[in-house]
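Structure, as structure tokens:
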Amino acid sequence: MALPVLFVHGSRTSRTMWRAQLEAMDRAGVVAVAPDLPGHGRRIGEPFTLEGAVATVARAVDDLGGRALVVGLSLGGYVGIEHRARFPEQVAGLVAASCCTVPGSPLRGAWRVAADRIEKLPDNGAAINQALVDRTLPPAGIVDIGAGGFALTAMTAILDEVGTSDPLTALAATGSPVWFVNGRWDHFRLGEREFVAAARAGGATAELVVIPGAKHLVSLDRPVAFNRAVLEAYGEVAAAEPRRT
């Protein structure tokens, strides 16, 4: 059995944001899945916790045979980093996209206040969310990100939960290879050098890939370039993995 790929979605979105990537993996003959995290998609009634998110990834990898290339974007990238530290035996490699800012930065307090106010609006911020989606994504990306619904009241819990994590320490905890993939105009790129250095401190090979013209939601904004980056990472880790029965 060839190495599978597990995709972990961003905040307030769902598994459906990965449609273009799942189709690309299928064309390449690679088994790939994308679960919903707690509080999102088909699990929108559940509270979000970092523990629950990491457990979701661990169970999904187990279902795939116990080892995978993990690909996460934004929230999914932070969850992927934490999962890699806690379950190193499950991770052949990690593609961490759009998550190169330390969650506990001083900006988190401002984001938390803004998220709380937006969630208390009569529509929980649905109009604001849709306006941002419409302005920043191409038509196919707009469809994919909304197909599983939006978790409009999950952001405060996400900021509280992920804000206590330490991705730099987690990255240095184990040595599986890491690719950091960021859009050129992503506001979460601020700490990318620190993130690369932390992964290398743990003995990992770490590579930074910056996709021209892309913003934060790089997989939806520039899906072809993002798919190419994932497939290149997959080629490297799959070649190093023994064939599994």
Inspect all residues belonging to segment 201-209 and state whether any of them is assigned to a loop (DSSP other than H, G, I, E, B), open to solvent by 10 Å² or more (accessible area, probe 1.4 Å) and of a type in the set (S, T, Y). yes
On the given criteria, is V71 out of contact with any Lys or Arg (no Cβ under 8 Å at 6 or more places or on another chain), of a type in the set (V, I, T) and buried (at least 24 other Cβ atoms within 10 Å of the Cβ)? yes
Across segment 184-223, the tally of residues that are within 25 Å of A24 (Cα to Cα), without any contact (Cβ under 8 Å) to a residue 40 or more places away in the chain and in contact with a strand residue (DSSP E or B) (Cβ under 7 Å, 6 or more places away or on another chain) stands at 9
Just to check your reading of the model, which residue among R135, R67 is over 23 Å from S14 (Cβ atoms) and either touching a strand residue (DSSP E or B) at 6+ places or on another chain (Cβ under 6 Å) or modelled with pLDDT under 95 (or both)? R67
Of (1) assigned to a helix (DSSP H, G or I); (2) within 14 Å of the chain's Cα centre (by Cα), G10 satisfies every one except (1)
Residues located in segment 1-52, provided they are without any contact (Cβ under 8 Å) to a residue 60 or more places away in the chain and in contact with a Gly (Cβ under 6 Å, 6 or more places away or on another chain): P38, E46
Subset of segment 106-143 (residues that are in a loop (DSSP other than H, G, I, E, B) and either without any contact (Cβ under 8 Å) to a residue 12 or more places away in the chain or of a type in the set (D, E) (or both)): P106, K120, L121, P122, D123
How many residues are open to solvent by less than 30 Å² (accessible area, probe 1.4 Å) and aromatic (F, W, Y) if we restrict to segment 119-164? 0
All positions within segment 99-118 that are of a type in the set (V, I, T) and open to solvent by less than 40 Å² (accessible area, probe 1.4 Å): T101
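The values are calculated or read from the model by the stated rules, or taken from the named source; none is laboratory data. Since the structure is predicted, the reported quantities are computational estimates derived from the model, not experimental observations. All Cβ positions, glycine included, derive from the backbone under ideal geometry; neighbour counts span all protein chains shown. Note: accessible area is taken over every heavy atom of the protein model, side chains too, but ligands, DNA and RNA are not part of it. Shrake-Rupley method; radii C 1.70, N 1.55, O 1.52, S 1.80 Å.
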